[in-house]
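J.: I have a structure I would like to understand better, so I am pasting it below and will then ask my questions one at a time.
Here, each number is a calculation from the coordinates, and none is a lab measurement. What you see is a predicted model; the values in this text were computed from it and never measured. Positions of Cβ are backbone-derived with ideal geometry, glycine not excepted, and every protein chain shown enters the neighbour counts.
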Amino acid sequence: MTHENAMTIDGFRVVIGEERNLLEVIRKAHIELPTFCYHSELSVYGACRLCMVEVEGRGLVTACTTKPEAGMKVKTQSAEVRELRKMNIELLLASGDHDCPTCAKSGSCKLQSLAERLGVTRVRFNAPVEMRPMDFTSPSLLRDPNKCVLCGDCVRFCDEIQGIGVLEFTHRGSHSTVSPAFGKGLAEVDCVACGQCAAVCPVGAILVKSEVERAYAAIQDPTKTVIVQVAPAVRSSIGEAFRIPNDTFTMGRIVTALRRLGFDKVFDTSFSADLTIWEEATEFVNRKKQGGTLPLFTSCCPSWVKMAEHDFPDLLPNISTCRSPQQMFGSVAKEILPGEMGIKREDLVVVSIMPCTAKKFEAGRQEFATNGNPDVDIVLTTQELARMIQDAGLQFPELPVGSLDQPFGVKTGAGVIFANSGGVTEAVIRFAAGELGENHPVIEEVRSEKNRRDFVLPTPEGGIKMSVVHGLAKAKELVREIQSGQSDVEFVEVMACPGGCIGGAGQPVTHSQQTRQRRTQVIRDVDVTHDAHCPQENHVIKELYRERLGEPNGPEAHRLLHTHFHSRRRIEAEGIQLSEFTGEAKIPVSVCIGTACHLRGSQDLLKAVLKHVEDAELTERFDIRATFCMESCDSGPTVRINGHVFHRSTLDSVKAALALADEGGLPALEACDGCTCTHA
Amino acid sequence: MSAVLEMSLETTRAEYQAAEKRFARRIVICAGTGCMANGALKVYRALHEQSQAQGLSLEIELDYEDAQRKEGLLTKSGCQGFCQMGPLLSIEPDGILYCGVKAADVPEIIETTLKHDQPVERLLYRVPATGQVCKGHHDIPFYARQERTVLKACGSLDPEELREYIATGGYFAARKAFTTMTDEDVCREILDAGLRGRGGGGFPTGRKWELTRIQPKGKKYVVCNGDEGDPGAFMDRSVMEGNPHAVLEGMMICAKAIGADEGYVYVRAEYPLAVARVRKAVKDAEAAGILGDHIFGSDQSFRVHVMEGAGAFVCGEETALLASIEGKRGMPMPKPPFPAQSGLNGKPTVINNVETLASVPLILSKGAAWYRSMGTEKSPGTKTFALTGHVANTGLIEVPFGATLRKIVFDIGGGVTRKGGAIDNQAFKAVQIGGPSGGCLTEEHLDLPMDFDSLTSIGAMVGSGGLVVMNQETCMVQVAKFFMQFTQNESCGKCVPCREGTKQMLALLDDITEGRATEETLPLLEQLARNVKIGSLCGLGKTAPNPVLSTLKHFRAEYEAHVHRKVCPSRVCKSLMTPEIDAELCKGCTLCAKKCPVGAIHGERKIAHTIDGFACVRCGACVEVCKFNAISGI
């Protein structure tokens, strides 16, 4: 009667709602049970053992793995569990290099705060600690395995949310460590630098690589003029580092702080976001009108672009050739400002303040440099800016509100909402409405919190199917649907980070879900305060086109604002030619002889296929090649005939396929890894 | 279909038995790993070749067509258990068991036994304590005091011969399950028999099956856990090597009970012979139509895959084992969900230990009541143990639950041995049961009837069944350290208490044995052990502190001597020794100084020598060489 659907926690009755596990019920009851390895968006792992509670009749259980049941009697503070928690923290403190004062994560480290909260004031264990090498290879991130508590949050985030999986546990017992394959560095694997591993890391084992000292050096160099662009998302979060809420005045405080830090000019990346929309929307309209490659994917997110380069090279023509707002800014600034300021390009230093770790990688891409001089010289994250402000002793909450420099401080609300997932799409919708001379339609779905949103934008010429995704695993899922013909979407916005750029890994560390929602709201509030919401209303951009760029998507715009992408496939499967070259066009046949296929007998298969082709006098028809890894190792031996991929091949299946191809039954396909023709 | 197969089991049996009757003798060579390593196959070949050369019809193939009378059938069996005395060779119906047989003994065996029906006395077993000569299994105490049921066939059957397995009643139980019983009946029979999991936990097997049976119909799996990893335990290996068809038959019966169509035998890769024998058994059973589609005419299919483990002890934990089969890193998952609900590939799965599954056909053919007639009420049946350590007879044994340690150590084991091998029952100190997860039993437990519950109640466990006997010369802190070293090496590294806790426990034990312990060490060790036990995710971590906790409980004084007095009472811990030469006793013969490998002993001829305590590596060479007992402290 009393507990129809309720339980007792520490003697108090708590109603069970939609909670998936006991931990969520306990947290709902305002008891913050400590955890390292629990993350509501990831699979339950059950390894840190900090959320153990006593359930009457069951003894000690981990709350994260226990289903809430009516009538449960739970104790969260028994002597046993208290001792266990403290001891686990003590054990972790003894497990590696946990020297707090010198750790970059100090102040936002869960291990540190739990030690303080639980009163662990002494570490009594002294087993020798094995020191492991750090990974400095990534331009964005720094891995220090000596600080790792092996909670696996990074491993699961990379795999489950981003669908990338470059991190995994290796070794066992106390030698366990988290590492990319074969102990490689992050830069040597398919890491897309999104940094979400660092964002979920409760300790200082994965950190944003700091460029603060480089920024100081530029500021202090009298020969340099240092300008700075501030990304839209920064204004939604920096206050968190100073324990104040973010609001519509936050940007003004950032401007003042940056001036006090010594930056010569302070601009807004929202300006170039507006510019991006002009270019991207035009590109979309042109492609649609001229029957170009669709769907069009956005290209603002460097992590998404890098993933596509690794995993979907055949999709690269679908990605907008527009540079990201950061790079458009750098390109335009370095094109225009040196002349106006009377300085050399080399003496203008462009610094970005970004919510994003991948932007550090993006700024270093070769495409974004002129004669070796990068368009963007230094990328700092929100975290690093907060550190600089603290370092300089600036009392951020008390700083007066400053105003941005001209001309690149001018923007519309459309440029600001880029920070949110769905923001680019909403800006495109506004632009389209502006072109059509209409009030922009409000499509509720575009603002939903879901990590995948599909909707139709009504236009006089018919609806446009649009999708918005965040989290790269979701993007992969959508790409597969498109490739298999299940989706006929025409415009896709992809952001790697949860919630879009506001959830970027360069933002101040947060372990709370609500933080993301608050940031999203701040961005919307800022949008509302702007007079202009449509990119067309940005008069500086109009002037820029008139005086410098010509038409959107025109030659000059292309030179400065567009780019190209390249496949990052490790092996392009060119192969070793085994058939004689006769001058005749032949049907290409590739048999994979990579390790996995070899173990499944591909060498014998290749020999048998060569013999068959010879015996059947088909040598004039087929060009047989041995290739290395086609990257479908789990379903080898893999054979590709005229672009069609066949898995689990046998001599008989290859014979049948060759016969089919000989009769013209297998029309040529561009070689692709995700070949949509699924031949069993 | 059904009729054909029914016929074929009976026919196979009748044909085999008829053919076998034509042989005057049956000679069985143990081809378990231990005997093979000692040259059993050489004996096998020599016996065959030499008898053929002498015109004796000693055959190695059972030829149904050949109706002539033969001298004997020479076969290989699985492990006969008495590994210490191998290679073993038994001759029936003479009732002879020869021990330690070498190829060189073959001419004498042919001449004396095969030709003149006399035993070769020097190859018979002699009871070490009394010198009594034993002719065969019936009078060797090691065998006579056991109750071999699961292991019975291991010592006589040719494990690679399906026909012989069928001839001894094999696959009749599976047929009974598939043709005359419902899935519920099978579960009930196993539940009634009270069979409990032999992997260590002792969970009622029938209940596990029932929990899986009641899951919605669809894909289900049977997994045989052959990832035996306890140091010194080899029960499962022996069963897989000696009677692989019994394991397959157990799996088939389980498949019937739960409605599974696919099974896996997960064998550790370090058991190549077991892998090969199980693989052959699967192949033969498939070829004979026993495994495959339409089992015994039913509409159920069952196929078995054999998978080799990757060398991790933790993969014996069921969820880690499943992860390993799925190709993932072998790490345990929190339970619930239990494998019965969501196991291999997320489907309902039964995971049973090898010995458990091998017991199943026996229960189905002889009935639950027969099974319950052995063992105790809560732990019916028999249990195999791997008996090792300071005991006269080491090897693989099987006794009913409820047997006492006294019977195992002194009767079957033949008594406790001292350094050098002399039997001295006064030297008994303890028995470590259950390997790295178990605890130690002492003199006070010698008459405790051993079963799942009695052992758990005193902080030990049956575990998988390793029994290590230790004499008075054993340091219990070192014993605890040995097992701690093992578990900390084998921890998968997932959960904090096990990964970090076992490492620190080992470090604390190092402190104790190396003289660095303080007043804080023991309380801290106990506190940590308690937390690792309650806090760890899986069985490995939850039981890892047992060796420490139980040695602390029974031999606390020994720990305290190490900590407070910096003395190892058993004189094992080298760091705690202070070697000294008694000047009164030393004659200055210089032998010790010559023998010392590090030159730590100095002195003039005929004048008392001295030991440099810093240079000394405490190897004890000087003590052994001194004729005057002048050196102490090592």
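J.: How long, wide and thick is the range A:442-548, going by the Cα atoms along their three principal axes, in whole angstroms, largest first?
T.: Largest first, the range A:442-548 extends 44, 44, 28 Å along its Cα principal axes.
J.: I'd like the mean, over residues of A:83-92, of how many other protein chain beta carbons sit within 10 Å of each residue's own Cβ.
T.: The per-residue average across the peptide is 5.
J.: Pop out the ³J(HN,Hα) list for the range B:472-489 in order, Karplus 6.51 cos²θ - 1.76 cosθ + 1.60 with θ = phi - 60°, rounded to Hz; leave Gly and Pro as x.
T.: 5, 7, 9, 8, 5, 5, 5, 4, 4, 5, 4, 6, 5, 4, 5, 5, 6, 5
J.: Next question. P(r) for the range B:409-464: what percent of alpha-carbon pairs falls in each 10 Å bin, starting at zero?
T.: Histogramming the range B:409-464 at 10 Å steps yields 23, 48, 26, 3 percent.
J.: Right, next: Give me, ordered by chain and number, the residues 5 or more places off A:Val379 or on other chains with an amide H under 5 Å from its own placed amide H.
T.: Counting only residues 5 or more places away or on other chains, the set is A:Ser352.
J.: Volume per residue, Å³, of the convex hull around the alpha-carbon atoms of the range B:186-326?
T.: 110
J.: Please report, largest first and rounded to whole Å, the three semi-axes of the ellipsoid equivalent to chain A, where each semi-axis is the square root of five times an eigenvalue of the C-alpha gyration tensor.
T.: After diagonalising the Cα gyration tensor, the semi-axes are 43, 38, 26 Å.
J.: Rounded to a whole number of µm²/s, how large is the Stokes-Einstein D of the range B:577-632 at 10 °C and 1.306 mPa s, given Rh as the Kirkwood radius over C-alpha pairs?
T.: Translational diffusion coefficient: 148 µm²/s.
J.: Express in % the proportion of alpha carbon pairs of the range B:437-499 at distances exceeding 20 Å.
T.: 39
J.: Would you mind working out the magnitude of the charge dipole of the protein assembly as shown relative to its Cα centre, with +1 at each Lys and Arg C-beta and -1 at each Asp and Glu C-beta, to the nearest 20 Debye? List each step's numbers first, then the result.
T.: Values: 146 positive and 163 negative charges, 723 e Å.
Here the protein assembly as shown has a charge dipole of around 3480 debye.
J.: Another question, then. So what's the gap between the Cα centers of the range A:198-250 and the range A:318-335, to the nearest angstrom?
T.: 21
J.: Using alpha-carbon pairs under 8 Å, 6+ residues apart, how would you state the relative contact order of the range A:560-661 in percent?
T.: Dividing the mean separation by the residue count of the range A:560-661 yields 34 percent.
J.: Identify, among A:Ser176, A:Val189, A:Ile164, the residue whose Cα sits farthest towards the positive end of the charge dipole of the range A:121-197, taking +1 on the Cβ of Lys and Arg and -1 on the Cβ of Asp and Glu, with the dipole about the Cα centre.
T.: Going by the Cα projections, it comes out as A:Ser176.
J.: Follow-up. I'd like the FRET efficiency for A:Val123 and B:Ala37, computed as 1/(1 + (r/R0)^6) with the beta carbon distance as r and R0 of 51 Å, rounded to 0.05.
T.: 0.60
J.: Take the alpha carbon gyration tensor of the range B:39-82, find the square roots of its eigenvalues, order them as a ≥ b ≥ c, and report rounded if a/c is under 1.5; if not, report prolate when a/b exceeds b/c, else oblate.
T.: Oblate.
J.: Something else about it: Compute the relative contact order of the range B:484-525 as a whole-number percentage, counting only Cα pairs closer than 8 Å that sit 6 or more residues apart in sequence.
T.: Worked out over the range B:484-525, it gives 32 percent.
J.: Let me ask you something else. Dividing the Cα convex hull volume of chain B by residue count, how many Å³ per residue is that? Don't skip to the answer; put the middle values down first.
T.: On the way: hull volume 103.8 nm³, N = 634.
Convex hull of Cα atoms, per residue: 164 Å³.
J.: Classify the range B:235-392 from the C-alpha gyration tensor, please: rounded if a/c falls under 1.5, else prolate or oblate depending on whether a/b exceeds b/c.
T.: rounded
J.: Averaging over every viewing direction, what projected area does the convex hull of the Cα atoms of the range B:314-431 cover, in nm²?
T.: In nm², the orientation-averaged hull projection of the range B:314-431 is 10.6.
J.: Treat each spin label as a single point 7 Å out from the Cα along the C-beta direction, and report the B:Phe338 to B:Arg565 distance in nm.
T.: In this crude spin-label approximation the distance works out to 5.0 nm.
J.: Which translational diffusion coefficient, to the nearest whole µm²/s, is obtained for the range A:213-561 from the Stokes-Einstein equation, given a Kirkwood hydrodynamic radius over C-alpha pairs, 37 °C and 0.692 mPa s?
T.: Estimated via Stokes-Einstein, D reaches 163 µm²/s.
J.: Right, something else. Just the number, please: Stokes-Einstein D of the range B:46-185 in µm²/s, Kirkwood Rh from C-alpha pairs, 20 °C, 1.002 mPa s.
T.: Using the Kirkwood radius from Cα pairs, D works out to 124 µm²/s.
J.: Dividing the convex hull volume of the alpha carbon atoms of the range A:3-153 by its residue count, what do you get in Å³ per residue?
T.: Expressed per residue, the convex hull around the Cα atoms of the range A:3-153 is 131 Å³.
J.: How high is the relative contact order of chain A, given as a whole-number percent (alpha carbon pairs under 8 Å, six or more residues apart)? Don't skip to the answer; put the middle values down first.
T.: On the way: 1287 pairs, mean separation 80.8, N = 680.
Once normalised by length, the contact order is 12 percent.
J.: Let me confirm one metric for peptide A:125-131, namely the mean number of other chain beta-carbon atoms within 10 Å of its residues' beta-carbons.
T.: If you average over the peptide's residues, the count of other-chain Cβ atoms is 4.
J.: Could you tell me whether the range B:1-95 comes out rounded, prolate or oblate from its Cα gyration tensor? Rule is a ≥ b ≥ c as square roots of the eigenvalues, rounded for a/c under 1.5, then prolate if a/b exceeds b/c, otherwise oblate. Working shown, then result.
T.: Numbers: a/c = 2.55, a/b = 1.45, b/c = 1.76.
In terms of gyration-tensor shape, oblate.
J.: On the principal axes of its Cα set, how long, how wide and how thick is the protein assembly as shown? Give whole Å, largest value first.
T.: So the three principal-axis extents are 118, 90, 79 Å.
J.: Collect residues whose amide H, placed 1.01 Å from N in the peptide plane, falls under 5 Å from the amide H of A:Ala505; neighbours closer than 5 in sequence don't count.
T.: Placed amide hydrogens put A:Thr357 under 5 Å from A:Ala505.
J.: While we're here: What FRET efficiency comes out for the pair A:Glu160/A:Ala616, r = Cβ-Cβ distance, R0 = 45 Å, nearest 0.05?
T.: 0.40
J.: Short version: ³J(HN,Hα) in whole Hz for each residue of the range A:177-191, in order, from phi by Karplus 6.51 cos²θ - 1.76 cosθ + 1.60 (θ = phi - 60°), x for Gly and Pro, what are they?
T.: The phi angles translate into 8, 9, 7, x, 3, 6, x, 6, x, 4, 6, 9, 10, 7, 4 Hz.
J.: Given N residues in the range A:6-77, what is its alpha carbon radius of gyration divided by 2.2 N^0.38 Å?
T.: Computed over Cα atoms of the range A:6-77, the ratio equals 0.98.
J.: Roughly how many Å is it from the Cα centre of the range B:402-443 to that of the range B:319-371, as a whole number?
T.: Measuring centre to centre over Cα atoms gives 32 Å.
J.: Considering only lysines 8 or more places apart in sequence, or on different chains, count the pairs in the range B:162-372 whose C-alpha atoms sit under 14 Å apart.
T.: 10
J.: Still on this structure, I have one more. Over all residues in B:499-510, what is the mean tally of Cβ atoms on other chains that come within 10 Å of each residue's Cβ?
T.: Mean partner-chain Cβ count within 10 Å for B:499-510: 6.
J.: Continuing with this model, one more query. Which order do the peptides B:534-540, B:321-327, B:381-387 come out in when sorted by mean C-beta neighbours inside 10 angstrom, highest first?
T.: B:381-387, B:534-540, B:321-327
J.: In the structure shown, do any of B:Lys574/B:Lys627; B:Lys152/B:Lys407; B:Lys494/B:Lys566 have a Cα-Cα gap over 29 Å, and if so which?
T.: Distance filter (> 29 Å) returns B:Lys494/B:Lys566.
J.: Near the amide H of A:Phe622, under 5 Å away, which other amide H atoms are found, from residues 5 or more places off or on another chain, if H is placed in the peptide plane?
T.: Long-range HN contacts for A:Phe622: A:Ile587.
J.: Continuing with the same structure: How much of the calculated P(r) for the range A:62-114 lies past 18 Å, in percent of all Cα pairs?
T.: On the way: 701 of 1378 pairs.
So the pairs more than 18 Å apart make up 51 percent of the total in the range A:62-114.
J.: Output wanted: per-residue J couplings in Hz (rounded whole) for the range A:533-541, from phi through Karplus 6.51 cos²θ - 1.76 cosθ + 1.60, θ = phi - 60°, x for Gly and Pro.
T.: Calculated HN-Hα couplings, in order: 10, 9, x, 5, 7, 7, 6, 5, 5 Hz.
J.: Tell me, what does the Kirkwood hydrodynamic radius of the range A:85-212 come to in angstroms if you use every pair of distinct C-alpha atoms?
T.: One over the average 1/r among Cα pairs gives 15.1 Å for the range A:85-212.
J.: Follow-up question, since we're still on this one. Mind computing the radius of gyration and Dmax over the alpha-carbon atoms of the range B:48-112? Å is fine for both.
T.: 13.0, 39
J.: I've got another one for you. Can you list, largest first and rounded to whole Å, the semi-axes you get for the range B:513-634 by taking the square root of 5 times each eigenvalue of its Cα gyration tensor?
T.: Taking √(5λ) for each eigenvalue gives 41, 13, 11 Å, largest first.
J.: Here's another thing I want to ask about it. Where Rh denotes the Kirkwood radius from the mean inverse Cα pair distance, what is Rg over Rh for the range B:477-565?
T.: Across the range B:477-565, the Cα-based Rg/Rh ratio is 0.95.
J.: How long are the semi-axes of the ellipsoid equivalent to the range B:291-332, from square roots of 5 times the Cα gyration tensor eigenvalues, in whole Å, largest first?
T.: With the √(5λ) rule applied to the range B:291-332, the semi-axes are 30, 9, 8 Å.
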